[in-house]
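Report on the following structure.
The values are calculated or read from the model by the stated rules, or taken from the named source; none is laboratory data. For clarity, every value in this text was computed on a predicted model and none was experimentally measured. All Cβ positions, even for glycine, are placed from backbone atoms using ideal geometry, and neighbour counts span all protein chains on display. SASA here: full protein model, heavy atoms, side chains in, ligands and nucleic acids out. Shrake-Rupley method; radii C 1.70, N 1.55, O 1.52, S 1.80 Å.
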Amino acid sequence: MAWLAGFIGLSSTMITAAEFPGAIASKPRIALIIDDLGNHRSAGEAALALPGPLTYAFLPHTPFAREQADKAHAQDKEVMLHLPMESHHGERLGEGGLTLKMPKV
């Protein structure tokens, strides 16, 4: 599952009560987000089969995003939209991304 390492982003934060009133202040937390899903059926299915409280981020307008996001939601998993934004360096932006040339509606 070496491919999975490319999908996982880790974040460890200490939340303080001063920053977030009502939050649990003393315990560090780790969030696992499996990112860039929706382009490959087998990789997405393998990610969805992982146990535990994971979050899945799906790229818009990809072949399997809707199907796999619905499946993740049905499994009571956290589902996020990975909304691409225009790069300062001119890298290719996939369909559905935000650009500076878009109208302000």
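Remarks
- Electrostatic tally near P84: other residues with Cβ closer than 14 Å to its Cβ, Lys and Arg +1, Asp and Glu -1, net -4.
- Subtracting the Cα-Cα distance of H73 and L98 from their residue separation scaled by 0.36 nm leaves 6.5 nm.
- Taking a Cβ cut-off of under 15 Å around A31, the surrounding Lys, Arg, Asp and Glu residues balance to a net charge of +1, with basic ones at +1 and acidic ones at -1.
- Highest average packing first - 36-46, 84-94, Cβ atoms within 10 Å: 36-46, 84-94
- Carbon-plus-sulfur accessible fraction, region 46-87 (probe radius 1.4 Å, protein heavy atoms only): 59%.
- Gyration tensor verdict on region 44-105 (Cα atoms; rounded if a/c is under 1.5, prolate if a/b is larger than b/c, oblate otherwise): prolate
- Distance between modelled label sites at E45 and M80, nm, 7 Å Cα→Cβ extension: 2.6 nm
- Model label points for H89 and D35, set 7 angstrom from Cα along the Cα-to-Cβ axis, are 1.4 nm apart.
- Net charge of neighbours whose Cβ lies under 15 Å from the Cβ of F64, counting Lys and Arg as +1 and Asp and Glu as -1: -3
- Candidate cross-link partners of K77 among the lysines, defined by an alpha-carbon separation under 24 Å and a same-chain spacing of 8 or more, comprise K27.
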